[in-house]
Structures are given as C-alpha cells and as structure tokens.
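Engineer: Mind looking over this structure? Questions follow.
The values are calculated or read from the model by the stated rules, or taken from the named source; none is laboratory data. Computed from a prediction, not measured in an experiment: that's the story for all the values here. Positions of Cβ are generated from backbone atoms using ideal geometry, with glycine treated the same way; all protein chains shown enter the neighbour counts.
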C-alpha cells in the first residue's frame with residue numbers, strides 16, 4: 001500500500017495498522033520530536049489538562065514516516081518546534097436531569113456520501129449526541145477524536161440507543177472521546193523576528209508598539225498535526241474529523257482550531273509583513289495538497305467540510321507570494337501552483353457555474369454558491385436541526401432544501417445575512433428558513449473568479465500564449481456578465497442578481513467593493529470624479545456617521561454578517577478598491593454636505609436601498625430612559641465629523657485628494673477598532689499603554705484577561721466586538737491580525753494614536769476620560785465627535801465575546 005492510500009484509509013476511519021500511519025505526513029518539527037523516541041501526550045482529567053504521559057515511539061516508525069514524506073514531497077522547512085501552550089477542552093454537561101430521557105427526534109437525514117464517518121457525519125450517533133446538547137457550541141463534539149476504535153465507539157453507542165437518557169450520553173462521550181482539537185499541537189516559531197521591517201513604516205509610538213504586539217500573536221496561533229492526538233499509544237482504528245495536513249499552518253483562533261480557506265488569505269498578508277515566509281509557503285503547500293487530494297480546497301480542515309469550499313482566493317494568495325519568491329529565489333512553489341490553480345478553477349466551473357440570460361437578452365456564464373447537502377452541518381448540527389424542526393416541522397423536501405441553503409451560506413463565508421434571503425414584496429422573512437443562496441449570483445464570488453483568470457493569464461504570459469489567451473477570454477466574458485447583471489449605472493453600485501426574480505436585489509452590501517478590488521471599473525466610474533466618489537460615498541457616510549468601520553450591510557437583523565458588524569476582510573477590500581482607482585479620478589477634495597444636510601445627502605439616490613431614517617442609529621449616550629441615538633438626519637447625524645476629518649480618522653493632509661482622505665480615515669478607524677477592543681479586554685503595553693482599572697475591566701469581564709483580538713467589530717462602539725451569529729464571538733484572530741499588520745505597513749505614516757471611549761462612561765452614559773495611552777480610554781463628549789454605545793445589550797454581548805478563549 002502506498003503512503004497516500006494508507007492515509008486515505010485512515011481518513012475514512014478504516015485504518016487497522018500502526019498508529020504512525022494515521023498522519024498523512026508530519027511536519028519537520030513532528031519528526032524531530034519523534035526522533036527523540038517519545039511524545040508528550042496531554043491526558044485530560046475532569047476536563048482539565050493534568051499530567052503528561054510519556055509515550056514510547058519506535059525509531060523505525062520515525063524513519064519510515066520520514067522516508068514516506070520525502071517520497072511524497074511533503075516536507076516543508078518551517079522552523080518550528082513543539083510549544084508548551086495548553087489546549088483547553090470542554091466537559092460534557094447534560095442540559096436536563098441525568099435520568100431524563102432524550103426528547104423524541106425527527107427522522108434522520110439521508111446519508112451524505114461525501115462524508116464518510118458514522119461518528120462525525122450525519123447519522124444516529126451525531127444526532128443523538130446533539131439532541132442531548134452537552135456543549136454550548138455544536139462544533140465541540142464534532143472536533144473530539146475518539147479514544148477507542150470506531151467499531152468500539154459504534155458498539156458502545158448501540159448499547160445506549162434505546163430509551164437513551166442524558167446521563168448515558170454524557171457517560172458515552174466521556175468514555176469514548178478525548179478533548180476537542182487534540183489532533184493538533186501548538187508550535188513555536190524558531191525563526192520569529194522580534195522587529196520585522198514593516199514596523200519601520202509606523203511613526204506613532206502607541207500604534208507601532210501595538211502592531212508589534214499583534215505581530216507576536218502568530219506564536220499563539222501556529223499549529224501542526226499532532227501524531228499522538230490522532231492515534232495515540234499504538235491503538236488501532238481511532239477516528240477523528242480532522243483532515244491531517246502535511247505542513248505547519250496558522251489557525252484563526254477560538255473554535256476555529258484548524259486551517260480555514262478564505263481566512264488564510266488575510267493571514268498570509270500578515271505573515272508576509274511579519275517575514276514568516278516559511279509559514280506562508282507551508283500554508284500554500286497545504287492548500288495545494290488538498291487540491292491534489294480532493295480536487296478543490298475545502299471550507300476548513302475537517303471532513304465535515306468536504307462538500308463545500310469558500311471564496312476561491314488561492315490563486316490570489318499564491319500571487320501575493322511574489323514577495324516570498326523574490327526574497328527566497330524559490331520558484332518551485334509557482335511551478336506546482338499553476339496546474340493546481342487550473343484544477344481549482346475547473347472545480348468551480350464544473351460545480352458552481354450557471355448560464356443566465358439578462359434583461360438585455362445576453363447569456364452569461366456566472367457563478368454561485370450551491371452546495372449539495374441534505375443534512376444538518378455536523379459543526380452546527382443542533383442549530384440546523386432546530387431551524388428545520390422548530391417551532392413547526394418542515395417536510396423532508398423542505399428540510400433537505402434548507403440544509404442545502406445553510407451549507408451554501410456557509411460556503412459563501414457570509415453565514416448569515418439578509419443578503420441571502422428570498423425576496424418578498426413587503427420585506428418580511430422567516431429567518432434562516434428564508435435563505436435563497438443558491439438562487440443568488442453574488443458580486444464577490446464572480447469578481448474573485450474574474451481576477452483569478454486575469455492573474456493566470458499574466459502568469460502564463462508568452463510562455464504559454466494559448467493558455468493566457470484562454471484565460472483572458474474567460475475574464476472578459478465574466479466581466480461582461482458582472483457589468484450586465486450586477487452593475488446599476490444610475491445608483492453607482494453593484495448588487496447581487498436574483499435568479500428567482502430575474503432582477504438585481506436592492507440590498508447594498510460591502511460586496512459592492514469587490515469588483516474594483518478585482519480590477520473591474522465600470523465606465524460610469526471612469527467618467528469623472530463626481531461619480532467615482534459616488535461609488536464610495538457610502539464609506540464617507542459611515543466614517544462621518546458612525547463610531548467604527550464599514551458594516552457588512554446597513555440592516556440590523558441580528559445576523560452576524562449584517563449591521564452593526566464590521567469585518568476585517570471588508571476593510572482591507574475597501575482600502576484596496578480605493579487604491580485601484582486611476583489617479584486622475586482622485587485629486588479633488590473630499591466633498592462635504594451643505595450646512596443643512598448630512599453625509600447621507602452625498603450618496604446617490606437609492607444606492608443604499610434605505611431612507612436616511614431607516615439607517616441604524618448611532619448611540620451617543622444612555623440615560624434613565626435607555627439609549628439615546630444621534631439625530632437621524634441633518635448635520636447632527638454626522639457625529640464623528642471633527643476638525644476637518646473624522647474621529648479616529650487621523651490628521652487631514654494639505655492638498656489631499658478625496659480617495660487618499662478616505663483611505664487615511666478608514667485605516668485609522670480600523671486600527672482604533674482593533675486597539676480599543678483589545679485595550680478594553682485587558683490589553684496593555686509597558687511604558688505606553690497602562691492596563692485599565694479593575695472597575696473598567698469588570699465591565700467587559702476582563703479582570704484576568706490580557707487583551708483580545710476579535711474576529712469582527714461593531715461600527716457603533718470601537719470598545720466592543722461584533723455580535724450575533726451561531727456562536728460566541730471568537731478571539732484570536734488570524735485575519736484581524738493580518739489586516740492590522742498590513743495597514744500598519746501600508747499606512748503607518750498616517751496612523752494616529754487611537755482615542756478610545758472610556759468604559760465607565762459607556763456604562764453610566766456620561767463623563768469624560770483620559771487619552772488612550774493614559775489608561776482612561778480617550779473619552780470625549782458627543783459634541784466634540786466621540787460616540788459610543790451605552791446599550792446594556794451590546795455590553796453584554798461584548799462580555800460574551802471576551803469569554804471566547806484564544807486557544
């Protein structure tokens with residue numbers, strides 16, 4: 001049996017051989033560890049890491065594994081070693097009395113052929129454990145490797161499958177499963193540079209020191225496959241949901257404890273700035289291994305993601321590594337990447353393309369997210385199950401369609417948003433049951449694929465003129481489809497196309513900026529500065545009207561990819577879209593409204609799909625009657641406008657064009673969001689940023705914390721994480737850190753000291769505080785432009801976010 005065949009059998013839970021064969025190819029650091037003839041296996045007792053047990057490993061197995069990896073081309077010279085970072089695991093807790101029987105269950109979904117496990121994929125075991133609701137997050141169980149063989153686990157489950165009680169399920173999970181995530185091991189970056197060169201670009205001392213702190217967080221997020229965690233101590237046939245990776249990688253953080261696809265694009269941006277070229281290489285090698293193995297790049301590194309991908313940024317991430325290639329003179333990654341990039345494009349072409357005829361009677365091949373799936377997602381099983389069965393049961397056909405929509409929404413990365421809801425005349429919806437992802441032609445997906453074709457054409461160049469010509473033709477055809485179907489020349493914005501209504505949707509989203517980032521600039525924008533600004537006028541509105549950065553949408557639905565949440569990738573994309581404008585369109589001064597108007601009046605009519613009164617309100621303080629918002633219209637609505645710029649927007653520059661002004665303001669606002677939410681949860685820098693008082697930190701439940709980097713922010717309160725969604729706000733956080741480092745590198749010369757709201761003022765709704773560096777958090781009153789959210793609900797959600805642990 002070949003090494004790869006052996007690994008595929010292990011992957012399908014059928015491996016009967018030696019424990020070492022359960023990893024497809026360990027990293028160099030793992031081989032070094034094994035060569036010392038022992039592994040440290042952290043045992044779990046009462047849910048806490050207890051003693052370490054030394055597990056002997058044969059030196060012969062080590063040599064064979066090394067030879068197999070060399071033959072397979074799987075070694076990456078990432079300079080890492082095993083870390084002592086602890087991994088905290090959850091203890092199952094019954095959601096009812098231990099002796100109570102589980103409630104009756106809906107009919108089991110059909111077997112999902114793409115998901116090969118009887119334990120971690122849809123079936124009686126997964127459904128029963130989830131119905132018992134032993135963990136706050138459904139993903140916890142799906143990520144727990146078994147402590148017994150698959151056959152033993154299934155036999156033990158069969159013994160409790162009749163009249164099952166909550167206590168029986170708790171005992172079963174305790175006896176047959178180990179801690180979630182123990183198939184991975186934290187690593188140490190042995191070649192980590194304390195002072196990467198990008199820090200020289202940052203002039204403001206606090207911003208520079210904060211960027212250096214964020215640079216250091218890679219040490220907490222670096223992982224490798226842990227041989228002992230997959231098949232410990234010579235046992236046979238243990239099973240895990242993990243897709244073992246050959247190379248070192250960076251995890252996003254929190255519940256996202258494995259490698260993820262589109263997160264890694266922005267992680268790679270940060271790794272490049274941090275000069276961790278070997279880890280950047282290793283990350284790309286992992287994706288190329290998956291393309292070799294599966295024909296596409298899964299959503300993430302678990303078998304339950306094998307029916308879906310994510311926004312296809314591999315080609316662009318590979319393109320971004322030109323700096324790596326220039327530095328290392330290593331051309332081999334490019335030679336390997338090119339045919340695999342073709343393979344990925346073919347997968348999207350074969351599985352996600354559709355022919356659409358527009359109102360102008362032109363037919364275009366365009367793309368959509370459309371996952372084949374008829375069961376709850378294993379990582380969100382109970383959540384999906386309840387969506388389909390509560391408060392009233394859907395029939396089998398309806399359930400299957402809903403499960404496909406839920407998986408398709410997850411493939412988009414925007415899980416979830418009203419952007420994906422089916423159109424109704426009165427705007428009503430039935431929550432997630434209204435998802436209409438598969439009938440939507442999304443702006444972002446098609447823009448990304450357009451840019452992929454352009455990049456491949458450039459890479460082939462004259463070396464393969466026929467391939468280059470093929471990709472240029474494909475890019476031109478896709479661009480025509482994007483302009484015809486998605487661009488509204490009167491509103492100066494892009495909108496998703498709805499296959500059911502055969503028309504563009506009217507929900508304005510951050511996806512509007514993907515085409516310019518990708519190099520698609522409509523003729524109307526090129527026609528002059530007024531219309532070019534009109535395209536970006538919503539950004540100007542946000543910076544003047546709100547406390548934070550650009551939201552995913554302007555609709556506050558309670559879903560995490562809607563207002564008030566703002567996401568790091570979107571801020572990067574908006575900045576890149578601004579940078580993509582020709583210079584002849586950006587030299588005029590930033591427009592300002594008349595004395596009686598607000599920044600809303602500068603937005604083209606109908607662009608946002610909302611009246612000014614329908615926009616989310618910006619809280620400015622709280623009183624005995626509750627939260628008080630800024631005025632909904634007129635100059636008073638622009639509460640963040642101050643001194644010729646905006647609050648936390650940096651200092652205006654003489655002669656600065658409108659696009660550069662918006663770049664400066666957004667870059668500063670993003671840095672303030674990251675810094676202030678980190679400071680509000682215990683972050684400090686010796687000699688520069690004192691730790692907040694316990695009274696302040698108690699508000700965010702952060703007295704014992706040292707600062708969180710959140711996956712998303714609120715555009716209403718830069719002290720706070722975002723909110724909503726299927727899981728608690730996560731900390732870590734890979735793409736947040738990557739965008740911080742990129743902004744520090746690109747905009748370091750115009751970044752100013754962040755001014756953070758005082759947490760005590762937020763809690764009481766009044767008062768003022770000291771500057772960000774002085775420990776008070778930079779409180780000012782609303783009249784001078786500082787706004788904050790005094791809402792107890794948002795504060796409570798911020799507390800929940802802080803509770804999300806990094807590891």
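Engineer: Any idea which of (1) free of Cβ contacts under 8 Å to residues at least 60 places away in the same chain; (2) closer than 21 Å to residue 510 by Cβ; (3) part of a helix (DSSP H, G or I) is the one residue 429 doesn't satisfy?
Structural biologist: Condition not satisfied by residue 429: (3).
Engineer: Just to check your reading of the model, which residue among 142, 186 is within 28 Å of the chain's Cα centre (by Cα) and under 20 Å from residue 95 (Cβ atoms)?
Structural biologist: Exactly one of 142, 186 is within 28 Å of the chain's Cα centre (by Cα) and under 20 Å from residue 95 (Cβ atoms), namely 142.
Engineer: What number of residues in the range 497-521 are closer than 19 Å to residue 417 by Cβ, in contact with a helix residue (DSSP H, G or I) (Cβ under 6 Å, 6 or more places away or on another chain) and in a loop (DSSP other than H, G, I, E, B)?
Structural biologist: 3
Engineer: With respect to residue 552, determine if the residue is over 19 Å from residue 645 (Cα atoms), in contact with a helix residue (DSSP H, G or I) (Cβ under 7 Å, 6 or more places away or on another chain) and surrounded by fewer than 24 Cβ atoms within 10 Å (Cβ to Cβ).
Structural biologist: no
Engineer: Same structure, new question: If the requirement is being over 20 Å from residue 444 (Cβ atoms), buried (at least 17 other Cβ atoms within 10 Å of the Cβ), in contact (Cβ under 8 Å) with a residue 40 or more places away in the chain and touching a strand residue (DSSP E or B) at 6+ places or on another chain (Cβ under 9 Å), which of these qualifies: 512, 544, 505? Working first, answer last.
Structural biologist: Working: 512 fails: over 20 Å from residue 444 (Cβ atoms); 505 fails: over 20 Å from residue 444 (Cβ atoms).
Just a single option satisfies the conditions, and that option is 544.
Engineer: Another question about this same structure. Quick check: anything in the range 630-653 surrounded by fewer than 24 Cβ atoms within 10 Å (Cβ to Cβ), touching a strand residue (DSSP E or B) at 6+ places or on another chain (Cβ under 6 Å) and more than 18 Å from residue 751 (Cα to Cα)?
Structural biologist: Within the range 630-653, one or more residues are surrounded by fewer than 24 Cβ atoms within 10 Å (Cβ to Cβ), touching a strand residue (DSSP E or B) at 6+ places or on another chain (Cβ under 6 Å) and more than 18 Å from residue 751 (Cα to Cα).
Engineer: Identify, from the list 565, 498, the residue that is surrounded by fewer than 24 Cβ atoms within 10 Å (Cβ to Cβ) and in contact (Cβ under 8 Å) with a residue 40 or more places away in the chain.
Structural biologist: Working: 565 fails: surrounded by fewer than 24 Cβ atoms within 10 Å (Cβ to Cβ).
Being surrounded by fewer than 24 Cβ atoms within 10 Å (Cβ to Cβ) and in contact (Cβ under 8 Å) with a residue 40 or more places away in the chain holds for just one of 565, 498, which is 498.
Engineer: Still on this model: Scan the range 201-213 residue by residue and report those that are in a helix (DSSP H, G or I) and either touching a residue at least 24 places away in the same chain (Cβ under 8 Å) or out of contact with any helix residue (DSSP H, G or I) (no Cβ under 9 Å at 6 or more places or on another chain) (or both).
Structural biologist: 201, 205, 206, 207, 208, 209, 210, 211, 213
Engineer: So, one more: Looking for something within 20 Å of the chain's Cα centre (by Cα) and modelled with pLDDT of 95 or more - is there at least one such residue anywhere in the range 202-209?
Structural biologist: No, the range 202-209 has no match at all.
Engineer: Which pairs have Cβ atoms under 6 Å, sit 6 or more apart or on different chains, and link a residue in the range 279-305 that is at positive phi and at pLDDT 95 or above to one that is part of a helix (DSSP H, G or I) and surrounded by fewer than 23 Cβ atoms within 10 Å (Cβ to Cβ)?
Structural biologist: 295/347
Engineer: For the range 677-690, name all the residues that are outside any helix (DSSP H, G or I), under 21 Å from residue 737 (Cα atoms) and in contact (Cβ under 8 Å) with a residue 60 or more places away in the chain.
Structural biologist: Of everything in the range 677-690, those that are outside any helix (DSSP H, G or I), under 21 Å from residue 737 (Cα atoms) and in contact (Cβ under 8 Å) with a residue 60 or more places away in the chain turn out to be 680, 681, 683, 685, 688, 689.
Engineer: Would you mind stating whether residue 191 is over 23 Å from the mean Cα position of the chain (by Cα), modelled with pLDDT under 95 and surrounded by fewer than 18 Cβ atoms within 10 Å (Cβ to Cβ)?
Structural biologist: Numbers: over 23 Å from the mean Cα position of the chain (by Cα): yes; modelled with pLDDT under 95: yes; surrounded by fewer than 18 Cβ atoms within 10 Å (Cβ to Cβ): yes.
Judged against the criteria, residue 191 is a match.
Engineer: Moving on. Scan the range 343-365 residue by residue and report those that are in contact (Cβ under 8 Å) with a residue 12 or more places away in the chain and within 17 Å of residue 502 (Cα to Cα).
Structural biologist: Answer for the range 343-365, where residues must be in contact (Cβ under 8 Å) with a residue 12 or more places away in the chain and within 17 Å of residue 502 (Cα to Cα): 353, 354, 356, 358, 359, 360, 362, 364, 365.
Engineer: Residue under question is residue 267, and the condition is that it be modelled with pLDDT under 95 and in contact with a helix residue (DSSP H, G or I) (Cβ under 6 Å, 6 or more places away or on another chain); does it hold?
Structural biologist: Working: modelled with pLDDT under 95: no; in contact with a helix residue (DSSP H, G or I) (Cβ under 6 Å, 6 or more places away or on another chain): yes.
Considered against the rule, which asks whether it is modelled with pLDDT under 95 and in contact with a helix residue (DSSP H, G or I) (Cβ under 6 Å, 6 or more places away or on another chain), residue 267 comes out as no.
Engineer: Consider only pairs whose beta carbons are under 7 Å apart and that are at least six residues apart or on different chains; among these, list those whose first residue lies in the range 573-588 and is buried (at least 21 other Cβ atoms within 10 Å of the Cβ) and whose second residue is not in a helix (DSSP H, G or I).
Structural biologist: From the range 573-588, the pairs are 574/550; 586/657.
Engineer: Okay, moving on. Among 459, 485, 432, which is under 24 Å from residue 712 (Cα atoms) and either out of contact with any strand residue (DSSP E or B) (no Cβ under 6 Å at 6 or more places or on another chain) or buried (at least 16 other Cβ atoms within 10 Å of the Cβ) (or both)? Show your work before the answer.
Structural biologist: Working: 459 fails: under 24 Å from residue 712 (Cα atoms); 485 fails: under 24 Å from residue 712 (Cα atoms).
Among 459, 485, 432, only 432 is under 24 Å from residue 712 (Cα atoms) and either out of contact with any strand residue (DSSP E or B) (no Cβ under 6 Å at 6 or more places or on another chain) or buried (at least 16 other Cβ atoms within 10 Å of the Cβ) (or both).
Engineer: Could you please let me know if residue 656 is surrounded by 23 or more Cβ atoms within 10 Å (Cβ to Cβ), in contact with a helix residue (DSSP H, G or I) (Cβ under 8 Å, 6 or more places away or on another chain) and closer than 20 Å to residue 529 by Cβ?
Structural biologist: No, not satisfied.
Engineer: In this structure, does residue 243 turn out to be within 30 Å of residue 387 (Cα to Cα) and surrounded by fewer than 19 Cβ atoms within 10 Å (Cβ to Cβ)?
Structural biologist: No.
Engineer: Would you mind listing the helices (runs of 4 or more DSSP H) fully within the range 691-807 where at least 1 residues are modelled with pLDDT under 50 and either surrounded by 19 or more Cβ atoms within 10 Å (Cβ to Cβ) or on the phi < 0 side of the Ramachandran plot (or both)? I'd like the intermediate steps shown before the answer.
Structural biologist: Values: elements: 694-699, 734-747, 759-764, 792-803.
Of the helices (runs of 4 or more DSSP H) lying wholly inside the range 691-807, those with at least 1 residues that are modelled with pLDDT under 50 and either surrounded by 19 or more Cβ atoms within 10 Å (Cβ to Cβ) or on the phi < 0 side of the Ramachandran plot (or both) span 759-764, 792-803.
Engineer: Same structure, new question: Tell me, please, whether a residue that is farther than 20 Å from residue 212 by Cα and either modelled with pLDDT under 95 or part of a loop (DSSP other than H, G, I, E, B) (or both) can be found in the range 662-676.
Structural biologist: No; the residues of the range 662-676 include none that is farther than 20 Å from residue 212 by Cα and either modelled with pLDDT under 95 or part of a loop (DSSP other than H, G, I, E, B) (or both).
Engineer: Which residue is surrounded by the fewest Cβ atoms within 10 Å (Cβ to Cβ), if the candidates are limited to the range 615-625 and must be touching a residue at least 40 places away in the same chain (Cβ under 8 Å) and within 23 Å of residue 511 (Cα to Cα)?
Structural biologist: 616
Engineer: Further question: Working only within the range 95-128, note down all residues that are surrounded by 14 or more Cβ atoms within 10 Å (Cβ to Cβ), more than 32 Å from the chain's Cα centre (by Cα) and free of Cβ contacts under 8 Å to residues at least 40 places away in the same chain.
Structural biologist: The one that is surrounded by 14 or more Cβ atoms within 10 Å (Cβ to Cβ), more than 32 Å from the chain's Cα centre (by Cα) and free of Cβ contacts under 8 Å to residues at least 40 places away in the same chain: 105.
Engineer: Can you name the condition, by its number, that residue 262 falls short on among (1) surrounded by fewer than 24 Cβ atoms within 10 Å (Cβ to Cβ); (2) touching a helix residue (DSSP H, G or I) at 6+ places or on another chain (Cβ under 7 Å); (3) modelled with pLDDT of 95 or more?
Structural biologist: The number of the failed condition is (2).
Engineer: Is it fair to say residue 524 is over 19 Å from residue 448 (Cβ atoms), in contact with a strand residue (DSSP E or B) (Cβ under 9 Å, 6 or more places away or on another chain), at pLDDT 95 or above and in a helix (DSSP H, G or I)? Before you say what the answer is, go through the steps one by one.
Structural biologist: Values: over 19 Å from residue 448 (Cβ atoms): yes; in contact with a strand residue (DSSP E or B) (Cβ under 9 Å, 6 or more places away or on another chain): yes; at pLDDT 95 or above: yes; in a helix (DSSP H, G or I): yes.
Against the criterion (over 19 Å from residue 448 (Cβ atoms), in contact with a strand residue (DSSP E or B) (Cβ under 9 Å, 6 or more places away or on another chain), at pLDDT 95 or above and in a helix (DSSP H, G or I)), residue 524 qualifies.
Engineer: Which members of the range 485-495 meet the condition of being touching a residue at least 60 places away in the same chain (Cβ under 8 Å) and in contact with a helix residue (DSSP H, G or I) (Cβ under 6 Å, 6 or more places away or on another chain)?
Structural biologist: Across the range 485-495, the qualifying residues are 492, 493.
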